[in-house]
Structure formats: structure tokens, C-alpha cells
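Have a look at the structure below, then the notes.
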Amino acid sequence: MSRLDQTFASLKQSDKKALIPFVMAADPDLEATSRILPALVEGGADIIEIGMPFSDPVADGPTIQAAGLRALKHDPSLDDIFNLVQKFRSENADTPIILMGYYNPVYQYGVENFCTNAVAAGVDGVILVDLPPEEEDEFTPHTQKSGLSLIKLITPTSDAARIETILRNASGFVYYVAVAGITGDKSAQYDQVGQAVEKIRRQTDLPVAVGFGIKSREDVVTVQKFADAAVVGSALIKYMQDQGASANSAKAFLSKLAGL
Amino acid sequence: MSIKSQPDDHGRFGIYGGRFVPETLMPLILEVEKAYNAAKNDDDFKAEFDQLLKHYVGRPSPLYHAKRVSEDLGLNLYFKRDELNHTGAHKINNCLGQVLLAKRMGKTRIIAETGAGQHGVATATVCALFNLPCIVFMGETDVKRQSPNVFRMRLLGAEVRSVTSGTGTLKDAMNEALRDWVSNVDDTFYVIGTAAGPHPYPEMVRDFQSIIGEELKPQSQELAGRQPDALVACIGGGSNAIGLFYPFLDDKNVTMYGVEAAGRGIETGEHAASLNGGKPGVLHGNRTYLLQSETGQIKDAHSISAGLDYPGIGPEHSFLHDQKRVNYVSATDDDALTAFQYCARMEGILPALEPSHALGWIMQNREMLKKHEMIVMNMCGRGDKDIFTVADALNMDISS
């Protein structure tokens, strides 16, 4: 059983839902991220998403764009990010790590090497924002071979037929994008999101996470009523931007979201 | 198999092209493809497009024998005068086609990106004609260096949004346009200005711009009694070049030269020559040659010409480069500035800085080019918009 499957199974057993924070690797530097990751777990993170910075993040709003720009001052390589995960993994064997980003850095690194080295470092899954099902055939043989989960995005524009196509190579969980828009932008209409999640559940047994526009404890509670996980990115990054990107601020904000 | 039979069903030109876009956009991209495939086989669509090209744009654009330049350089050089189109560049051919398609799809809001401002002006123009709201994304650096075009767009009723992310040039404007599109998928059509982006854009823009090369065949026969054996065009994203080249791709005796912007020189790293100085990667919906770092971060391009200042190139050019069907060469900022002034004095034509690169390269390579009997260069835009940039580069004060 994969670490992701294990996590969702044990949460289900204790009738709990997952909280997934998103942080950008190397924002403001790799050292800081290295301190922030364990603090997120202490603050109540069940799974962590780490952003792989990219110069042209077309699906991200101003907050995550800015985080990416801060990170890119150090131009971290994917090996730097794998090292970060490896270090985290040496002290934490249970919390799944998901890498999220855009395709070009992965393509330049080499898709096969990426999948092999990610798994070796202790990465559990990957989300590539600009690799839709139409283009994933060059990538999925390597995720399957290495055992890396391919986490797929389903959006408000996905109808049942489209969801079927998206689910074809999905594993780990699926990520429902709550708004047709960019990260951290509009707030979602949660009644509609709830209906969309119900529709997705008719087509898959994979856990469903919801993200984009989730800002507060209230949002998290609402989303966790119908979804298996709530993802919080921009709000966390914004908080650390204002309060300082430290283990303490990361833990403080996450505890609030988790209701600890 | 004809080299013209690209793209395939997946929108690929060899390994290039494709549809690398966020999932939110995928259903819409597939819808655009379906609508375009229906439109291109619809006689009414074609009739309306042709009618507007003739009576509104002023096509066909003339083929002109540049006799003084020819004599001076020892070449037989013709200009395809696309700078005489309404709005002053080839860009409007494509805007008309795409806005007609948007109308057909029932879209009520148009967005576009622009670098030099020519595509923005052309889109704003067509939107005024069809009474559609138009928002043009333009990098803040370009807003400054192309201020006359910003004012023109506003006069035409468009909203110009200055983009401050990144270096504030064309790539950043395109990112922002894509973000807007992701957020407004229901009512919005994105009019992409060059033969790049997700499928079907590279094919669609090529088809709308191919009028340039198609007109050239009968014009060439009439004026010179023969077909050209060499074609030259500047390349940013590559829409004017593919429009000129495409109808001739199967004519083996026609040699083609695509001129990229070498900026301050390719060896300096400050250039916009994706084929000569980049490698394949994925950006803005397609796989193509890109200027990028070892880690896959996109680098900033540099060119004195805002219209060429883009770190990528249309995927069909990447394919034609690998196939060695087109020779991709380059000209520097200085070559373009020299050609700009030369063309003004020799032919009484102020070329835009973009085609000035094509002419600059011809001037630098005239000895090699003497093997060709008839060369046609696409004069794809006029230089009025560039007079401030040129004056600045030449340290000339135009206020006195």
C-alpha cells in the first residue's frame, strides 16, 4: 500500500479528513523550506504539496507567482528539491509529499530520471498543471514504472466524459479545482463544489481533494464536509510573507486551519 | 508525404506543438479546434473572410520590385508589401479570421497579447468593427517603448492592461492573457497573435496568414514572369514567415530564410533567437525551441524590436528547422537599425524594425544571396511605430 493510500485509509478509519498545505520550494530559500516542512506536520498537515518553481506559472495568481519569483532567485534545481524531500523523509516516514509544478523543468530534467529520482527521494506523487491527458502519454509509463502517483486536476469545466478521460491514468487522489480561474483568486461557491465532488465520486473511488481559493478555518471545515482533503496554498504563503517564513509562522497558521 | 501535411490529429508538427495547457482550458481548446475545422470548410466563412480582406484590409498587398536596393546590393529583390495593409502590418489577416471564428462560437469578449502593439492594434481594430469588447495585455516595458500603439488601441476602444510580472514583455503579456482566459472560459476568446500556442492556434494562424504566400504566386508570375527562388522573412513567433513560406514548402527549388533577432549578438546571450540559441521545451501551450536555463526556466529575450522580443517560436518553424527545409539565420539590433535607415533613403519606405531584421540580414549576406535569381522579402510591417525607438538608439532628438 502506498503512503498516500495508507494516509487516506487511516484518516478514514478515524473519521477524519486531510489538510494539505502547499509551500513553494526555496521560498525564500531552501533552508527555510527545510525547516517549514516538519513544522507543517506539527501544525496538522496530513500531506504536503511542494511547489517546483517555474518562471511562467500561467495557472497561478499573484501570491504564488511572487513565491516562485523569490524561489527562482536561487534557481533551485530539481535535485535540490529532491534533497529537501530526502532530508524531510529521514525524519518522517509517514507524511506523503506531492510535488506540483509545470512541465518544462521536468521535461528538461528528463521524465524518466525525474520519476526515478523523485521516488528514491521519498516523493509520493506529482501534479503537472500543464500536462493534460492529451499530452501525458510520454510521462505516464515512467510514473507507473516508478510507482509515483499521478495526481490529476478536475475543474469546473470538466464534464462527465472529460472526467472519464482525466481519470484514465489518475492515482493517489484527484484534485478538484474549486474555481475556473487561477490560484488564490476568487472564492469558491461551496454548494456547487459539493455537487461537483459528488459527481466525481460516481466515477472514481479515489479520494477527492479540493483546492483553489481556500483561505480560512471555515473554508476548510466546509470543504471537509464533502471532500476527503482541503488544499491551502496562497493563504498560507501570504501569511508567511507577512509574518516571516519560519517554522513558527508555518505551524501557527496551519494549526489555525486545522482547528488544533 | 508532403511537408505541408502537418499538424497531425494531436496538433503535432513532428514532436513540436501539442496542447500543453491547464485542464480548465482543455474543453475550450477542443471546442476551438472543432469550430475551426468546421469554419475552414464553410464557404460562407471563407467568403466573409475574403470579402473583408479585400475591402477592409486592402488586399492583395502589392508585390514591389525594389530596384534601387537591388541595384545597390547586386541582387534581384522584391518586397511583398504587407506593411500597406490596414493597421500597417500583416497581423490583421489573422485577427480577422480569429474574430470571425469567435463570433461563430458565440463568444462575446475578446482578449489578446501584444508585444510591438501591432497585433493589439489589429485586434482592437477588428473588435471595433464587430462591436466586441477588447482587452489587450501588454508588458509594461513594451507599453513604454510602443506608446503610439497604446494610444491607438485606446482610441479604438480597447482596454490596454499593462503587465508588470516578469520583465514586462511579450512572454509576460501572454502569461497574463492565459490567466485571464482560465478565469473567463465561458464568454472569452483569446486571439493569439502569432503561429504559436496550443493546437489549433499554430495551424489556424498559419492558414489565415498563408494569404501572403498565396497572393505572391500569381503576382510573381505577372510582374516577373517567374516564381521566386528565395524567400526571406523575419521571425519572432513566426506568423508572417509561415504565411509567406507555407504555400511554397513543397516547391523544392525555393530556398527559404527565416531571420531571427540576434539582439546584441547571439554570443552575448542577449538575443531572441530561439532556434539558433535555444533548445526544445514546453511553454504557452506548445513544445517548441525556447530560450531557457539548464533547469528549464524560461529566459528573457532581447531585441530592439518589441515584436521579435519573445523567447519561443511557432512549433512549425521548429519542425521545419529540424527538417532543414528552412534556413534559420539571424540579424542583430545594429543590422536592423542600419537596414531601417537604408530602406527609408533608398526606397522611400520606412520598414518596421521587425522586417528591418530581414533586410539587414540580406545586406550582410548579399554575396551569398547572389546565387538566387529572384528574392522576395516580406515587408510585414511599417516603421512609423518605431521612430521613437530608432531615434533613441541613434541618439537623435526628434522634439526639435
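Bear in mind that the values in this text are calculations on the coordinates, not laboratory data. Treat the numbers as computed from the prediction; the structure is a model and nothing was measured. Using ideal geometry, Cβ is built from the backbone for each residue, glycine included, and neighbour counts are taken over all protein chains shown.
Using the basic label-point model (7 angstrom from Cα toward the beta carbon), what is the residue A:169 to residue A:29 distance in nanometres?
In this crude label model, residue A:169 to residue A:29 measures out at 3.8 nm.
What is the fewest-to-most order of B:266, B:111 by other Cβ atoms lying within 10 Å of their Cβ?
Going from sparsest to densest Cβ surroundings: B:266, B:111.
Could you run the Karplus curve 6.51 cos²θ - 1.76 cosθ + 1.60 with θ = phi - 60° over region B:94-105 and give me ³J(HN,Hα) per residue in whole Hz, x for Gly and Pro?
Calculated HN-Hα couplings, in order: 6, 4, 4, x, 5, 5, 4, 5, 4, 4, 4, 7 Hz.
Report the GluC sites (Glu not before Pro) located in region A:131-196 that are in a DSSP loop and have at most 12 other Cβ atoms inside 10 Å of their Cβ, or state none.
Sites meeting the loop and neighbour criteria: none at all.
As a quick test, which of the pairs B:4/B:107; B:91/B:252; B:34/B:103; B:252/B:324; A:12/A:256; B:40/B:252 have an alpha carbon distance above 19 angstrom in this structure?
Where the Cα-Cα span goes over 19 Å, the pairs concerned are B:4/B:107; B:91/B:252; A:12/A:256; B:40/B:252.
In chain B, what % of DSSP beta bridges are antiparallel (nearest 5)?
Taking every DSSP beta bridge within chain B, about 30 percent pair in antiparallel fashion.
What net charge is computed for the residues neighbouring residue B:325, neighbours being all others with C-beta under 12 Å from the C-beta of residue B:325, Lys and Arg scored +1, Asp and Glu -1?
The answer is -1.
Give me a comma-separated list of calculated 3J(HN,Hα) values for region B:216-233, in order, Karplus coefficients 6.51, -1.76, 1.60 applied at θ = phi - 60°, integers in Hz, x for any Gly or Pro.
4, 4, x, 5, 5, 4, 5, 7, 10, x, 6, 9, x, 10, 8, 10, 9, 8
For a quick check: with amide H placed at 1.01 Å from N, whose amide H comes under 5 Å from residue B:292's, ignoring anything fewer than 5 positions away on the same chain?
Result for residue B:292 returns B:279, B:299.
Of all DSSP beta bridges in the protein assembly as shown, what percent run antiparallel (nearest 5)?
20
List residues of region A:15-39, by number, whose backbone nitrogen lies under 18 Å from a label position 7 Å along Cα→C-beta of residue A:94.
Within reach of a label on residue A:94: A:15-21, A:37-39.
Can you give the longest stretch of chain B with no exposed loop site, where a site means GluC sites (Glu not before Pro) in a DSSP loop (not H, G, I, E or B) with at most 13 other C-beta atoms within 10 Å?
Answer - B:1-293.
Where in region A:172-210 are there trypsin sites (Lys or Arg not before Pro) that are in a DSSP coil and have at most 10 other Cβ atoms within 10 angstrom of their Cβ?
In loop regions of region A:172-210 (DSSP not H, G, I, E or B), the sparsely surrounded trypsin sites (Lys or Arg not before Pro) are A:202.
Arrange the following residues from fewest to most other Cβ atoms within 10 Å of their Cβ: B:398, B:304.
B:398, B:304
How are the Cα pair distances of the protein assembly as shown distributed, in percent, across 10 Å bins from 0?
Calculated over all Cα pairs of the protein assembly as shown, the distribution is 3, 16, 26, 24, 16, 10, 4, 1, 0 percent.
How far is the Cα center of region B:329-400 from the Cα center of region B:1-67, in Å?
Taking the Cα centre of region B:1-67 as reference, the centre of region B:329-400 is 29 Å away.
Counting Lys +1, Arg +1, Asp -1, Glu -1, what net charge surrounds residue B:206 among other residues with beta carbon under 13 Å of its beta carbon?
-2
Determine the sum of side-chain charges near residue B:83: Lys and Arg each +1, Asp and Glu each -1, restricted to other residues whose C-beta is under 14 angstrom from that of residue B:83.
+1
Taking θ as phi - 60°, what are the ³J(HN,Hα) couplings along region B:302-310 by the Karplus curve (6.51, -1.76, 1.60), each to the nearest whole Hz, with x for Gly and Pro?
In residue order, the calculated couplings are 9, 7, 5, 9, 4, x, 10, 7, 9 Hz.
Determine, for A:173, B:45, the number of other Cβ atoms within 10 Å of each Cβ, and report the residues in order from fewest to most.
Fewest-to-most ranking of A:173, B:45: B:45, A:173.
Separation between the residue B:187 and residue B:395 pseudo-spin-labels, each 7 Å from Cα along Cα→Cβ, expressed in nm?
Distance between label points: 5.3 nm.
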